[in-house]
Each structure stands twice: as structure tokens, then as C-alpha cells.
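First comes the structure, then the notes that go with it.
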Amino acid sequence: MGDLSFNLSRWEMACRCRCGFDTVDVDLVKNIQEICNHFADKYEGRAALIVTGPNRCDAHNAETPGAAPGSLHTQAKAMDFKLKVDGKHIPPREVYDHINEAYPNQYGLGLYSNRVHFDVRSGAAERWPRDLDEL
Ligand SMILES: [Zn+2]
């Protein structure tokens, strides 16, 4: 049981440089929990959320390979993660497809070989890669 939602605790959102940046965005927490609940229901099991990319302070963002300058991770509005249900990894493509359907034309969503990126940006939605077959 997390202290922010069923699956998420504040320490998991903290910047990994240990600067103490552990601010959370209410919409991000709510949506991540809804995503966890969807897969727990779908597979009738207990979902485990594995946060691979939490908040990043500006300094840590600058030294993180592949991080965009001004990334939404620096505003506590983004998370990279993967999911397991009862110890079974849910394929990132399946998580991506669910989020894309659940939040059409909204937010930022990226697919990687071992995780997804999700952010609660305002304004125009973004999806990447543009061509999913690139992956
Ligand atoms: Zn930091």
C-alpha cells in the first residue's frame, strides 16, 4: 500500500540524486493509479508498479542521458514505469496501447523496449515514437 495511492508512494517519485525533490502532481498520481487498476482488473491479480523514471531536478536532468532539456520530469508531471501483475511483466506495448485508448488526444506517452513514459502535460498531446514499428 502506497502513501499517495494504492500502488504509489512519495519516495518513489523522489529525484534519484537525493536532492529531496519529491513533489507530486495530483493528476499524474490519479492517472497512474487508474492504469495500475486497469491491469490488476484485467489480469485479476495484484499490480506492481515499478517506477524507472521519477522526478528529476534540473541538475540531475542535465546529467541524465537522453533527457530533454526542461523535461516534464523536472515539473513532477512525468513518470517512466513498467508494470507487473502477480510477478508477470506486462509488455510495454500493451501498457502504451491502453493509455492511448484511455486518454485519447491528451497527455504525453512514449513507448520504449522496457518501459513507457507518461506525462500529464497540458496542451497538445504527444506520442512517440511516431511510427511504432520503429521500435
Ligand atoms: Zn535531484
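All of the numbers you see were taken from the coordinates with simple rules; none came from a lab. All of these numbers come straight from a predicted model, not from anything done at the bench. Note that each Cβ is placed from the backbone with ideal geometry, even for glycine, and that neighbours are counted across all protein chains shown.
Overview of results
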item: Residues within segment 6-36 that are away from the ligand (no atom under 16 Å from the Cβ) and either over 14 Å from the mean Cα position of the chain (by Cα) or among the acidic types (Asp, Glu) (or both), tallied; result: 4
item: Gly45 among the small types (Gly, Ala, Ser), surrounded by fewer than 18 Cβ atoms within 10 Å (Cβ to Cβ) and within 12 Å of the ligand (Cβ to nearest atom); result: no
item: Hits in segment 58-107 - residues which are surrounded by fewer than 18 Cβ atoms within 10 Å (Cβ to Cβ), more than 17 Å from Cys36 (Cβ to Cβ) and of a type outside the set (A, V, I, L, M); result: Asp58, Glu63, Thr64, Pro65, Gly66, Pro69, Gly70, Gln75, Arg93, Pro104, Asn105, Gln106
item: Residue list for segment 110-125, filter: assigned to a strand (DSSP E or B) and either free of Cβ contacts under 8 Å to residues at least 40 places away in the same chain or in contact with a Ser or Thr (Cβ under 9 Å, 6 or more places away or on another chain) (or both); result: Gly110, Leu111, Val116, Asp119
item: Some residue of segment 75-86 being β-branched (Val, Ile, Thr) and within 23 Å of Glu126 (Cβ to Cβ); result: no
item: In segment 48-68, the residues that are under 21 Å from Asn31 (Cβ atoms) and within 12 Å of the ligand (Cβ to nearest atom); result: Pro54, Asn55, Arg56
item: Close pairs from segment 14-33: first farther than 12 Å from Met79 by Cβ, partner more than 10 Å from the ligand (Cβ to nearest atom) and assigned to a helix (DSSP H, G or I), Cβ under 8 Å, at least 6 apart; result: Asp22/Arg10; Asp22/Trp11; Asp22/Met13; Thr23/Met13
